[in-house]
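Peer 1: Below is a structure I'd like to ask you about.
The values are calculated or read from the model by the stated rules, or taken from the named source; none is laboratory data. The structure presented is a predicted model; accordingly, all values stated were derived computationally and were not measured. Ideal geometry is used to build each Cβ from the backbone, glycine not excepted, and the neighbour counts take in all protein chains shown.
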Amino acid sequence: MTDMKNEDHPKNLLVLIDNAEFPTSKASLIETAEENGGTESAIEMFRALPHEEYETLKDVNADLGLINKEPGQQNMFASKSAKIS
């Protein structure tokens, strides 16, 4: 189980980068999210993105969804003690 707040849901995260110009870098997305008042956990979601460059907002959305779903080490929010069934 994640410790994400409701405002850190992927759809809400996209609001933080709504004014980003694409193509863009992950660093630019992080900066935009910070400027738009993103929470620390929201900023961590952007830091966890697997790619350094993004062509479209759709690409970012796809990767944000993977961060929430992938078990184990690829998911920085997964508990190390969680059992995978």
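Peer 1: Condition check: among the β-branched types (Val, Ile, Thr) and at pLDDT 95 or above. Does Thr2 satisfy that?
Peer 2: So Thr2 fails the test.
Peer 1: Could you tell me how many of the residues in the stretch 41-85 are at pLDDT below 90 and assigned to a loop (DSSP other than H, G, I, E, B)?
Peer 2: Residues flagged as at pLDDT below 90 and assigned to a loop (DSSP other than H, G, I, E, B) within the stretch 41-85 amount to 13.
Peer 1: Which one is surrounded by the most Cβ atoms within 10 Å (Cβ to Cβ) among residues in the stretch 33-65 that are of a type in the set (Ser, Thr, Tyr) and farther than 14 Å from Asn12 by Cα?
Peer 2: Residue satisfying both the conditions and the ranking: Tyr54.
Peer 1: Among what's in the stretch 5-40 and is basic (Lys, Arg) and part of a helix (DSSP H, G or I), pick the residue that is modelled with the lowest pLDDT.
Peer 2: Quick first cut of the stretch 5-40, residues basic (Lys, Arg) only: 5, 11, 26.
Now drop any that are not part of a helix (DSSP H, G or I), which leaves 11, 26.
Numbers: Lys11: 62, Lys26: 97.
If we take residues in the stretch 5-40 being basic (Lys, Arg) and part of a helix (DSSP H, G or I), then Lys11 is modelled with the lowest pLDDT.
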